[in-house]
Structures are given as structure tokens and as C-alpha cells.
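See below for the structure under consideration.
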Amino acid sequence: MPEGHTVHRTANQFNRAFKGCRLRVDSPQGRFASGAAVLDGKKFAAARAIGKQLFLRFEGGHELRIHLGIYGKWAWHELQADAAGSLTLPEVKGEVRARFWLEPGDAGAGDTRSAVLAELRGPTICEVLASHEVAVVERRLGPDPLNPDPSGAEYSRFAEKVGKSAKSIALLLMDQSVISGIGNVYRAEILFRAGINPHTPGKALTGEQVRELWRDSVELLKVGVREGVMITRDEHLKRDPGKAERNHVYKREGQACRNCGTSIAIELLSGRKLYWCPGCQR
DNA sequence: CATAAATGGCTAT
DNA sequence: TAGCCCTTTATGG
């Protein structure tokens, strides 16, 4: 489920499975055939995530940019080599835009990493860029709470943009140039946890509130990376309680708030569903 | 079966 | 603000 935590998990998986190896790349669906031809057989240098975007760097300055959009998904398969050392790839099911895997032996002698294949379906973006093109994309992305921020500079960038804006904080949290990696679920849940009315203009928030929104984004996204699902209730942060119990307000419209009993509200904001509790978020 | 909805984001009006 | 793209999954008849 693609908010920022998913993409960071994928970056970690790519680094664990493939970093420094010569990758095989193809496009069963055909829609990434030209990109696959460029990357196939090249050495994979490293993966990194910025918000919802994944960047896979290859030798020769090629960088693959992937954005899952709403529907995009990764699937990972274990691969078995036969006695002769050759691989049988799994049968392609559905629309597979791209696949990535290692040839046996390419991970290097003594390497114990299991052979895996990564399958990509339904991304909004899957394109090979040169590094100057990557820089253009990077420039318009806001700070990502999951990336290290030892100096606090990333937080300051966030606070400054929010503090100057007359737009509602609900819109600002979904704006990837303000903060990278928050989507519709985390937006609703983070605002609930902070007890902030989603319609409050950014500039009307106190410094304390802005700091809390950032701090909580860092905390919740980290839980998401660790658990692989978006859990936002304190009593369940350590273990996934199952879909129906994960969140405070997301997809709970008309139900009683777990905290105050008020009926959870839903409204359309810029074409996306906004969930919140009018009792707790005043 | 068919249809709607989904954790996004771009572009045109 | 509306339309469009991408694909799978859940729901309803």
C-alpha cells in the first residue's frame, strides 16, 4: 500500500537483495521494453526512496525512477536454480511492467543472498532518467520524515512552508513539495493524533503543533516501515491488530470515535476523502 | 459476471 | 475542479 513507508521498504529490499550486482531486467507486458533494454545486464549501484518515489541507480549514470501511484505494487518471488545452475522464472500472471533478478553466480562467490525476483505492476511512473533529470524531480520534493535529519534542516523546511501557507493543513500534508511520503491514510491519522482540525490554515498552527506533526510523521512512518502496514493507534504500534483495528478515523465514517464517541466525519477535499473526528479535532 | 473503489498525481479548463 | 492514467480487489447482482 503505497505511502512513503512502502517505498522505503522496497528500497531496503533492493539493497539487500541486489546491491552491487549485475541485474537482469525485462518487461513481460512490453510497456517498459526500451527501459529494460537499457538496464538489463548493468550493475545495480543502490536504491533510495524520497517520499513515494523510488530511485534505482545503475552503472553508467542511469537511474530508474518508479512511482507506484494508487495501484502500483511490488511482488517478490524466491527463485530456485536447477542442477545446471539455470533459473526458471515464475509464470507471468497479469500485467507485469518490469521484473528484476540476478543470474546465478552474479552475486559473487560466497554470497549467500537468496535468489529473488522482483515484479512490478501498475506503476504510474517507471522511467530511466539521467542524473540531471533526477535532480529536477528531487528539487520539487519536500523533506521526507524517514530520511535522517541530524541538523534539523529538513524539519525547518517543513515548518517554514507550513507556517507561511494559508492553505489548510489537510491539503499541506498531502502536498509532496511540503512533506514527502504522507498519503491519505497518514494524513487523516496524524491530524487526529494531534487533535488538529484539518481545515486549520498552516499559518494558524502553533509552532508546537507543527513540530508535533513532524515528530509524529517520523514515528508513524517508522512503524510503517517496520511492520509493513500503516498502524496508527498507540496501543497497537508494536503489532498489527488487523485492518479493522489499525486506525482512528481512516475509512471509519459514520462510526463512533474510539476516543469521544462522536460520529467520524467524511468529506471530499480536492477530490480525496478526508476522514476526521469533529469531537476530538477542534 | 459487472461495477466501484483504492494508500496519487498530472494536465487541461 | 474535472478528466485521465495505471491494475487489482472487494462488493453486488
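Each value in this text was obtained by applying a stated rule to the coordinates, not by laboratory testing. The structure displayed is predicted, hence computed values, not measured ones. Cβ coordinates were reconstructed from backbone atoms using ideal geometry, including for glycine residues, and neighbour counts include every protein chain displayed.
Observations, loosely collected:
- Modelled FRET efficiency - R0 25 Å, A:SER34 with A:VAL137, Cβ distances, 0.05 increments: 0.80
- Among complete DSSP H helices in chain A, none has alpha-carbon atoms stretching at least 20 Å along the helix's long axis together with a mean Kyte-Doolittle hydropathy reaching 0.0.
- Straight Cα distances below 29 angstrom link A:LYS73 to the lysines A:LYS19, A:LYS42, A:LYS43, A:LYS52, A:LYS93, A:LYS222, A:LYS238, A:LYS243, A:LYS251, A:LYS273, with same-chain residues fewer than 8 positions distant left out.
- Residue exposure proxy: A:HIS132, A:HIS62, A:HIS5, A:HIS248, ordered by other Cβ atoms within 10 angstrom of their Cβ from fewest to most, comes out as A:HIS132, A:HIS62, A:HIS248, A:HIS5.
- Fraction of the pair-distance distribution of chain A above 26 Å, Cα-Cα pairs, percent: 49
- MRE, 222 nm, helices only [DSSP H, n ≥ 4, -39500 (n - 2.57), over chain A, to nearest 500]: -9000 deg cm²/dmol
- Amide H contacts of A:SER263: A:CYS257, each under 5 Å away and 5 or more positions distant or on a separate chain (H built 1.01 Å from N in the peptide plane; Pro and chain starts excluded).
- Relative to one another, the C-alpha centroids of region A:51-100 and region A:213-229 are positioned 25 Å apart.
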